[in-house]
């Protein structure tokens, strides 16, 4: 029969309309699967396997189950259908203290008919991702498929893409995403103060009277943690706040603009400077702003001599903010600029001996900015270069022993740049390598005792690498553990916080 036209939009729309409209006749015409596997149904039916669509639908409707489309993938691994990303609510879930869950349904198709429908991936509860598996662990279909994430440290402190800052010998980890295919994301609004050496940790509560927001910049000023990000709904308004570790108090910071997202930030010792990103349109900004905590005032930076962008990278050298790479609405970028906050002036930096790319970090070694990896047009890169601001010149790095990747971390320990984790469109990584800029040499790190991951936080504490959180696959439950790597002993140690 070929594909349903248009595919898969029509199938999804018709399926959701029939399901939420309680139209069994339309649903039976659309779904002809001889058996349906639905793990979420274990919450109200005590099982996850059903004889046909009528058996499945009647159990769901009795529990007032509702489906909401939060996205789709045109083809799942069988190549005969699509993946439907859904959020769900039901009376049974609410009675268990779960407001909504995120799940994935694989659908095989023949024309405009769904011939197979089954759960794929984890069921994630909003705010407490593993709650579904703990609440319904007595159901056989649930107990046999508990995700490794839930059995291995991914509790309330699990998150991907948090901000991280160093306070003395401890790391402050705040915000991030708990995972799942929720329409507006499952944003974490709390944090953790963790000493990796002693594994002592304490919680940082949510800022009062502030809406949920995704933190994209986080800095430690020496007195306070400042986090800046944007709301995910209904508008991408910027939210900024300062946290005093001594008093445990949050203070809201007024921001001079409304909608803005995708920016990056650095701490200069006097100001937080953020730059780049769009107003959630296709027009990325060339503008930046700087905030001085001592006076509580913002100022607008002069226009940059390079195009606006997002998914770019920034680093602070001690005198300048270096911006490089990223993407605009049309293409990936391979140029950069340096900004001096004291004089409010920019300069273009020399062209890099690298192809344009995005989704990679920059690392300052004290004399050079090191660039490695990244992605361009769905192709991952495994090369790198180092930029010397004093001479405005680049040099290529020796070939790395690592495969190309993006969403990895790079950290300067005082002697080496350590690259860890990342993603290459097919898999995530738990390997890494250390680069010695004086010798232009690489060495492989031993495999870390934690799951492969990307979008994790990483920093150097006392000369050791510390990584935390992240996820091993898009849409899956975030990871709630971390590890330290001792460059002297060249050994890893896994860390699971227990506040």
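Here, each number is a calculation from the coordinates, and none is a lab measurement. All values derive from a computational prediction rather than experimental measurement. With ideal geometry, Cβ positions are generated from the backbone for all residues, glycine too; neighbour counts draw on all protein chains shown.
Summed over the stretch 5-29, the residues that are more than 30 Å from residue 135 (Cα to Cα) and crowded, with 21+ Cβ neighbours inside 10 Å give a count of 2. Candidates 297, 247, 268, 232: the one that is in contact (Cβ under 8 Å) with a residue 60 or more places away in the chain and surrounded by fewer than 22 Cβ atoms within 10 Å (Cβ to Cβ) is 268. Restricting 359, 372, 346 to those that are under 15 Å from residue 266 (Cβ atoms) and buried (at least 19 other Cβ atoms within 10 Å of the Cβ) reduces the list to 346. Pairs meeting the criteria (first residue in the stretch 329-354 and on the phi > 0 side of the Ramachandran plot and touching a residue at least 24 places away in the same chain (Cβ under 8 Å), second residue surrounded by 13 or more Cβ atoms within 10 Å (Cβ to Cβ) and in a loop (DSSP other than H, G, I, E, B), beta carbons under 9 Å, at least 6 apart or on different chains) are 344/301; 344/302.
This table checks each residue for (1) part of a strand (DSSP E or B); (2) within 15 Å of residue 293 (Cα to Cα).
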{"site": "202", "(1), (2)": "yes, no"}
{"site": "210", "(1), (2)": "no, no"}
{"site": "216", "(1), (2)": "yes, no"}
{"site": "222", "(1), (2)": "no, yes"}
{"site": "230", "(1), (2)": "yes, no"}
{"site": "233", "(1), (2)": "no, no"}
{"site": "238", "(1), (2)": "yes, no"}
{"site": "241", "(1), (2)": "yes, yes"}
{"site": "250", "(1), (2)": "yes, yes"}
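Of the numbered criteria (1) surrounded by 15 or more Cβ atoms within 10 Å (Cβ to Cβ); (2) under 25 Å from the mean Cα position of the chain (by Cα); (3) within 29 Å of residue 332 (Cα to Cα), the one residue 224 fails is (3).
How many of the residues in the stretch 166-182 are part of a loop (DSSP other than H, G, I, E, B) and under 23 Å from residue 423 (Cα atoms)? The qualifying residues number 7.
When 71, 97 are screened for being within 27 Å of the chain's Cα centre (by Cα), on the phi > 0 side of the Ramachandran plot and assigned to a loop (DSSP other than H, G, I, E, B), only 97 passes. From the set of residues in the stretch 189-198 that are in contact with a strand residue (DSSP E or B) (Cβ under 7 Å, 6 or more places away or on another chain) and outside any strand (DSSP E or B), which is nearest to residue 123 (Cα to Cα)? In this case the residue turns out to be 190.
Quick grid of which residues meet (1) within 20 Å of residue 128 (Cβ to Cβ); (2) surrounded by 14 or more Cβ atoms within 10 Å (Cβ to Cβ); (3) in contact with a helix residue (DSSP H, G or I) (Cβ under 6 Å, 6 or more places away or on another chain):
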{"site": "31", "(1), (2), (3)": "no, yes, yes"}
{"site": "51", "(1), (2), (3)": "no, no, no"}
{"site": "65", "(1), (2), (3)": "yes, yes, no"}
{"site": "68", "(1), (2), (3)": "yes, yes, no"}
{"site": "77", "(1), (2), (3)": "no, no, no"}
{"site": "95", "(1), (2), (3)": "yes, no, no"}
{"site": "105", "(1), (2), (3)": "no, yes, no"}
